[in-house]
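Notes to accompany the following structure.
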Amino acid sequence: MRDVTCASTSSASTTPKTTVLESFPAGAPRGSWPAEEFAEALRLEGQPAEVVMDLAADSFLVIVKKVTV
């Protein structure tokens, strides 16, 4: 798990912080399915998990965004 601070285009004083919970290779035979299944399990537990693509690393990331003030 790693924390990443995202660039914000809003003028508000809040900064979104993204935590990468898991990484899955994009070249896997099932594509993004393992990442989507992992994210769905987290959502069922109440975490707002989502899947994004990291093009540079050629992987799918399961992330959770949190807004800090």
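Quick note: the coordinates plus some simple rules give every number you see, no bench work behind them. Quantities reported herein were computed from a predicted structural model and do not represent experimental measurements. Note that each Cβ is placed from the backbone with ideal geometry, even for glycine, and that neighbours are counted across all protein chains shown.
Annotations for the structure displayed:
- Derived scalar couplings between HN and Hα for the range 23-34 equal 10, 10, x, 6, x, 5, x, 9, x, 7, 3, x Hz in order, rounded to whole Hz, by the Karplus curve 6.51 cos²θ - 1.76 cosθ + 1.60 (θ = phi - 60°), x for Gly and Pro.
- Charge sum, other residues only, whose C-beta stays under 14 Å from LEU42's C-beta, Lys/Arg counted +1 and Asp/Glu -1: -3
- Built amide H within the under 5 Å cut-off of ALA26, gap 5+: SER59, PHE60
- In Hz, Karplus ³J(HN,Hα) per residue of the range 59-64 (6.51, -1.76, 1.60; θ = phi - 60°; x = Gly, Pro): 8, 9, 10, 9, 10, 10
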